[in-house]
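Here the structure comes first, spelled out in structure tokens, and everything after it is commentary.
The numbers here are math on the coordinates, done by the rules we state, and not lab data. Note that the coordinates shown come from a computational prediction; the quantities given were computed from them, not determined experimentally. Cβ placement follows ideal geometry from the backbone for every residue including glycine, while neighbour counts extend to all protein chains displayed.
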């Protein structure tokens with residue numbers, strides 16, 4: 001399992017607006033890269049471009065080979081994407097959703113479902129689940145996709161505290177197994193807990209990237225989010241002011 | 001297995017019932033003389049047309065629902081019924097004495113409607129649906145205009161056709177049965193991709209589906225099936241909308257089950273409706289489209305309530 005990814009001058013537009021302009025960076029196997037930035041900055045679009053689900057200019061290579069040269073089938077074997085929650089109108093059950101991730105093996109599905117605390121929900125339609133349960137189903141579907149590169153768009157969204165911790169632990173353990181992970185997060189504490197590498201997107205086309213340790217500073221984060229942050233020990237936390 | 005057995009048993013019972021009842025009862029397994037003529041030349045073709053058209057409409061409905069990502073979609077949602085009806089009435093105006101005029105007009109009208117929708121297919125599901133609904137309104141206006149201009153003696157034929165008419169299909173029965181089999185086979189070949197499309201276009205694409213190609217194939221397939229059904233039997237509503245949902249409630253959402261169940265269940269519903277339509281006030285007949293809703297709505301609502 002090895003996925004060295006190189007982005008060279010990657011630019012993404014949405015209509016007339018430039019979301020990302022000429023981002024270049026290299027991501028190594030067994031690293032977690034966290035993408036941070038304000039709403040609408042283009043974080044999800046970056047993941048979609050890497051998964052080749054939207055158009056982007058510039059060059060993206062995976063293990064030295066341009067993504068554009070991969071067939072859709074080949075790409076499916078290399079990249080897994082966890083994004084928006086799927087629609088629920090047509091009554092798919094949790095079990096069926098997991099089978100669509102690529103395996104019919106009941107043991108494997110049950111094992112992953114148990115890990116995500118959704119084993120008791122397998123026969124339930126997705127429409128009868130809470131958003132958090134649906135998110136855990138999507139994470140379980142991702143775990144069934146044994147690809148070298150994982151792209152996750154806000155994996156801890158909708159999750160309660162216990163499952164947020166579980167999700168972060170799962171990402172760390174997958175990194176330790178050599179998987180390359182690129183994830184969008186909004187929670188700085190979670191980002192600081194797992195990021196080896198950061199990509200900061202400012203929403204005006206600009207982006208910074210580098211080692212996480214070098215980029216987590218209050219001034220940079222305050223400027224990125226246009227929000228007040230303060231240092232609390234080793235952590236950067238939002239400054240909500242005093243309790244009134 | 002029990003559910004499939006029940007569906008097939010219900011189909012067999014409805015087939016036998018459709019053959020047995022009419023202006024006079026007969027035992028279809030022991031028909032001789034005049035009964036045999038009625039059985040082979042009148043009832044059997046009609047029963048088979050009802051089965052095939054019902055199945056085709058239900059298949060087209062299932063495809064349109066997935067293609068447009070909208071559970072309210074049905075075979076006529078993109079205006080094909082309206083354009084086919086306008087075509088049929090045009091045929092009736094041009095060749096009022098011809099037995100084939102309405103069918104030919106309907107077939108041509110259906111394809112004009114399909115081609116109009118195809119122009120918008122690259123816009124994505126929701127915009128295509130919007131374009132289809134607007135086109136449907138346009139075709140309805142054209143149809144109303146044509147009906148206003150149609151001589152009085154043609155009005156009854158036009159209305160009977162528009163409410164669904166299985167009494168004389170200009171499409172040969174073997175062609176309809178072959179189309180049923182081909183449509184189901186094509187659907188089954190696409191079933192895994194259709195399942196992935198239930199997760200949304202991006203998830204499907206990320207799971208290896210060539211969504212653009214699949215959407216094009218589905219649109220052509222569903223449109224061709226709709227055009228054939230309309231040509232054979234006029235516009236029969238409800239079957240294409242509700243049968244796929246009914247089958248999802250009974251057999252689950254995966255298309256390897258939904259498609260064959262819809263192909264059989266749609267046939268079964270239309271067969272039952274047609275048998276009722278032609279016998280309940282015999283020798284007169286009720287429009288079959290009315291009966292499909294009267295039979296199907298309570299069944300569907302009951303199942304919906306039971307499944308919560």
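For the reader, a short list of remarks on this structure follows.
- Each 5 Å bin from zero holds the following percent of Cα-Cα pairs in segment B:190-242: 4, 19, 21, 18, 14, 13, 8, 2, 0.
- Over segment B:82-219, the ratio between the Cα radius of gyration and 2.2 N^0.38 Å evaluates to 1.29.
- Three semi-axes describe the equivalent ellipsoid of the protein assembly as shown; taken as square roots of 5 times the Cα gyration tensor eigenvalues and ordered largest first, they are 56, 25, 19 Å.
- Long-range tail of P(r) for segment A:5-238 (Cα pairs > 29 Å, %): 29
- Cα centroid separation, segment A:211-244 to segment A:136-164 (Å): 26
- Relative packing of peptides A:57-67, B:68-78, A:39-49 - highest average C-beta neighbours within 10 Å first: B:68-78, A:39-49, A:57-67
- Note: relative contact order over segment B:49-306, using C-alpha pairs below 8 Å and six or more positions apart, is 33 percent.
- Reciprocal of mean inverse Cα separation for segment B:231-308 (Kirkwood radius, Å): 13.1
- Dividing the C-alpha radius of gyration of segment A:1-103 by 2.2 N^0.38 Å, with N its residue count, gives 1.20.
- The Kirkwood hydrodynamic radius of chain B, based on inverse pair distances between different Cα atoms, is 19.7 Å.
- Antiparallel bridges, percent of DSSP beta bridges restricted to segment A:5-238 (to nearest 5): 55
- Comparing Cα centroids, segment B:192-208 and segment B:1-41 end up 41 angstrom apart.
- Rg ratio for segment B:1-56: its Cα radius of gyration over 2.2 N^0.38 Å, N being its residue count, equals 1.24.
- Peptide B:206-213 shows a mean partner chain C-beta count of 5 within 10 Å per residue C-beta.
- Shielding of peptide A:64-77 by partners, expressed as the average count of other chain Cβ atoms within 10 Å per residue Cβ, is 2.
- Secondary structure note: in the protein assembly as shown, about 55% of the DSSP beta bridges are antiparallel.
- Working ranking of peptides A:5-12, A:219-226 by packing, defined as the average number of other Cβ atoms within 10 Å per residue, highest first, is A:5-12, A:219-226.
- Seen through its C-alpha gyration tensor, with square-root eigenvalues sorted a ≥ b ≥ c, segment B:116-177 comes out oblate because a/c lies at 1.5 or above while a/b is not bigger than b/c.
- Cα extents of segment B:1-129 along the three principal axes, largest first (Å): 57, 50, 16
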